[in-house]
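Structure, as structure tokens:
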Amino acid sequence: MMVQEGLVKGLGLRFKATNLEGRTDELWKRLLQSKKGNLVILDDVWKHIDLKLDVLTPSETSSLLGEMVGDSLYDPNLHETASEFAKCCEGLPIAVVCLGRALKDKSHEVWKDTLKKLERSIVFENMEGVKEEVYMSLQSTYDLLEDEEAKKIFLLCCLYPKYANVPIESLVRCGVGLKFFTGVDLLIEVRDTVYKLTDKLKSHFLLSTGDRKSTVKVHSVVRAVGISIAFKSNPDMEQFSALVIHEDRWPKGILNRDYNAVSVVSNEISEIPSRGLNFKKLELIQLACPKISLEKLNTVFKGMNKLRVVEVWNMYIPSFSSLITSLPRDIFSLCMDCKMDNIGDVIRLEEFTNLEILSFGRCDIEEVPVQVGKFANLKLLDLSHCHRLERISLGVISSLRLLEELDTRSKWWGDEKEGDASLAELESLTNLTYLGIRVKSSNFLPKNPLFEKLQRYVISVGVHIEKTRSFNNRMVLLKHDNTDTSLGGGIDKLLRKNTEKVFLCGDGMKTALKELVPGGFQQVKNLTVESCNSEETAYLLDYNYTPNGTVVKNLVLLESLHIEYCTNMQQVILNPWSSTLESTTENKILLPKLTELIMNDVVNLVCFSQGGNLQVEFPQLKVLKLEYLQNFYTFCPEEINMVFKANHRGATFQSLVDHKVEFSSLAELTLTNVGNIKEVWGIDHVEFPQLRVLRLCWLPHFRSFCQEDSNGHPSSVFDDKVTFPNLETLDSVEELWSNQLATSQFGKLKSVRVDKCHKLVNIFSSDLEAQFPNLEKLEVEKCDSLENVWDFQGIQIRSLKSVHVYECPNLKIRCSFDTFKGLSSLQTIDIWNCKMMETVVADDHKHGKTDDVLSLDKLEEVKLAFLPNLNYFSHKKCDMELVKLTQVIVKNCPDIYVHFLCQKRDELRLLEKKEADGYHIFFKEFENEHFQAYIVHEI
């Protein structure tokens, strides 16, 4: 049924039949009507589904395969082989995509050999739920990698929990400990290699980009196949063999085999098998079992004499000393991401001669004692996100002379007490390539260029901003208040050399900006500037333009620019050229890689730059947010002095941009309290082909997207002059529509928020299913004239999941009974403080009766509050089947009939009545044990 509904939305079809079989026939006939045909791709499908439709036909499979492999598919020698591949994949998209990408640019011989392997492959017996064709194609994709390092990294990713964001840093540390890499010695080189390998695996669709920075993910089915491959591998043949136990209990019969790696992740396992874990050849173990006690944990490692890598997370370990004594002395990498109170009294640490990687990430330790300095061969020490860390004992850092990477961002450096490590100790680390550090202020930066030789770094001076744990950054975060003091510690040289991410704040930020000019900025990708009140920052950057027709100096790699809370800034880039200069490539601001521009609460900002013929181009800009810019005039005026004069006289309202400014790739546009904006584009027609999110808030003078006609009449906000076919979120306020909301081109819109549209009478008054086939969320707030959310009788809004209406004083009725019946996907109803509301669901014949049962089988939550005139939930009396309803809250609705909701009337019963704090509270419940209802009336 859900698959049918998804297809119907895409086809714009309305079902007439009510049963599944009838709807299937209607859908099939509609698909056959298309002259061009329809490609239906059902991803994430691993078992056979009888849809009366094939997933992909052989020709469609060949087409998709062609997209993956490119021109090589047109080789006549491959036609027959490609046809056989289509049969093997059975039209399943993931099989086609993964296998096709793996075979790209491969010879005919490789194609034929792969096909033979597919034809004789056998699915591993425990791969329940994965089709044989999918398994074989993914196995072949893995085999075709032709890179043993990539294969091992992929299998290592599969050890982590299902749907996990796998940190690339974890792959680096495990891979080094397991000797995955040959010919690389430095950790920084290994990290570069791992990033390269994960990119390769992404290109073969075995990995995808994670939801967090510097992470990757594995599709659940791809992971299942990877686990199977690892389980079947033979460690004696130099294959990476692994066992994954992510269940509630220990499996039977497989604990005595030899594996390279074992991952045990369970919230329920609390015991160790009576015979122990007899993994004598084990090299890596992952443990995340919070119910296993420390005493039992210490028995796990017995007999694991070849263990090299230990990862422990989501467990409680009282002290480091209570764990380290039970570990084999030859371990190479120890990474703990768990609750740990302290280091404890550690002894004989010098016995761990092979330990090179030690991570206390997110442990609760307050001090690093001097004994830790006995890990003489340590190359990486990670103390990031240890939020209680206050002290590193004197001599610890200087004793670890082989350190290549050190992260101590949890601790403030500078002004140390007696017995604490100081910045001077860092001078002894001649091999250091990465440093994460947080210094109290620029006054504590050393005079010597301590940091200048670093290749990767996160250096924070005077400011603490939580950043993702990544050892691959080149980032400087600097609060600099003194305008007369230069930067110490070599930070000035880092800014000029290779810094990619820069955060600047404080009145002295101009000092740091001068370090970036003229030699800097070549590598800067992310620039954030905030909280500067100095008069010297009337503009951010002062750039001359090169005479050979190139772009603004050095900004060619800039991807994001954020400016916030700079009270005296008037423009972003100062254009030194005369306004009479002709429009040429010399007179152009081009930021070719800028994807995000955010300017917030810069109260005196009037423009981005100035110049009569100046061209401004952001060809890759995806996100534009302008918020709380009360004096902003237009993006690029002819002269800034003209703006000041206009503002002084009482400005004529302007377009945000005109033909001189290009945002061809914009996907998200937010305008909030931008004072003088009358329209967005000063041209008569504009297209936003990629725009998905539009937010227009507190724009008192805003009238339309495009310029007024020759008679001075504004166009409607949404009419045929503006096009955004892919819009998904609309957040609009401040009387954008004079009476009715004009709807057009909203086929992909999922969310609408309407706030403070005081003249709006109806939100929707047309055929919603046709105009808004994908609308899922509606929010309406503070619309003083609103009388109905929609007034069209009997409309079907099958995709709508939630409705929220707040503070609409004239709203009397939310919708008709026939409309309410059409809300088949509705999950949440939330209505507050609508003083005139009499009923949520109206009926043309009030108090009419029907024997029909109203079924809303997805409704989960109803909230009604501060509705003094609400008498009925529905005027039409009927039984309602609400099988998923779990919560009803009714507050300060004194006249409502409390039996307004029920599955069957005999199932609803009054449990008790209490009086407390001036309220009558009625507790009601269904026989469904998960249901709760609170009916609250003021006494």
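The values are calculated or read from the model by the stated rules, or taken from the named source; none is laboratory data. Bear in mind that the values here come from a model prediction, so they are computed numbers and not experimental data. With ideal geometry, Cβ positions are generated from the backbone for all residues, glycine too; neighbour counts draw on all protein chains shown. Please note that ligands, DNA and RNA were not included when accessible areas were found on the heavy atoms of the full protein model with its side chains. Shrake-Rupley method; radii C 1.70, N 1.55, O 1.52, S 1.80 Å.
For the cross-link pairs Lys213/Lys479; Lys202/Lys884; Lys306/Lys379; Lys217/Lys748; Lys812/Lys877, the ones whose C-alpha atoms lie over 30 Å apart are Lys202/Lys884. Evaluate the distance, in nm, between pseudo-label points positioned 7 Å from the Cα of Ser326 and of Glu881 along their respective Cα→Cβ axes. Rounded to a tenth, the inter-label distance reads 5.5 nm.
Extension gain, Tyr195 to Asn448, is 87.8 nm, computed as 0.36 nm per intervening residue step minus the present C-alpha separation. Solvent-accessible area of Phe688, all protein chains in place: 0 Å² (probe radius 1.4 Å, heavy atoms, ligands and nucleic acids excluded). So which of Lys252/Lys291; Lys801/Lys835; Lys296/Lys417; Lys625/Lys782 end up more than 30 Å apart, counting from Cα to Cα? Long pairs (Cα-Cα over 30 Å): Lys296/Lys417. Grouping the Cα pair distances of region 335-392 into 10 Å bins from zero gives a pair-distance distribution of 24, 56, 20 percent in increasing distance order. The solvent-accessible area of Asp105, taken with every protein chain present and a 1.4 Å probe, is close to 120 Å².
The stretch between Lys112 and Asp364, if pulled fully straight at 0.36 nm per residue, gains 85.1 nm over its current Cα-Cα span. At an R0 of 45 angstrom, the distance between the Cβ atoms of Glu638 and Asn869 translates into a FRET efficiency of 0.20. Summary value for region 124-211: 32 percent relative contact order, contacts being C-alpha pairs under 8 angstrom separated by 6+ residues.
Computed with a 1.4 Å probe over protein heavy atoms only, the accessible area of Phe205 comes to about 80 Å². Residue order by solvent-accessible surface for Asp185, Asp330 is Asp185, Asp330, largest first, with ligands and nucleic acids left out and a 1.4 Å probe. Of the residues Glu404, Glu133, Glu367, ranked by 1.4 Å probe accessible area with the largest first, the sequence reads Glu367, Glu133, Glu404. If R0 is 56 Å, what FRET efficiency do you get for Asp895 and Ser63 from their C-beta distance, rounded to 0.05? So the FRET efficiency works out to roughly 0.35.
Spin-label model, Ser220 to Asn165: label points 7 Å out along the Cα-to-beta-carbon direction sit 2.0 nm apart. Extension gain for Gln620-Asn482 works out to 46.1 nm (0.36 nm per residue, less the C-alpha to C-alpha distance).
One Cα centroid belongs to region 314-343, the other to region 359-407; the line between them spans 14 Å.
Other residues lying with their Cβ under 15 Å from the Cβ of Asp481 contribute a combined charge of -2, Lys and Arg counting +1, Asp and Glu -1. Cα centroids of region 438-508 and region 224-277: 45 Å apart. Solvent-accessible surface of protein heavy atoms, probed at 1.4 angstrom with all chains present, puts Tyr316, Tyr872 in the order Tyr316, Tyr872, largest first.
Measuring how big region 290-368 is from its alpha-carbon positions, Rg and Dmax come out at 11.8, 33 Å.
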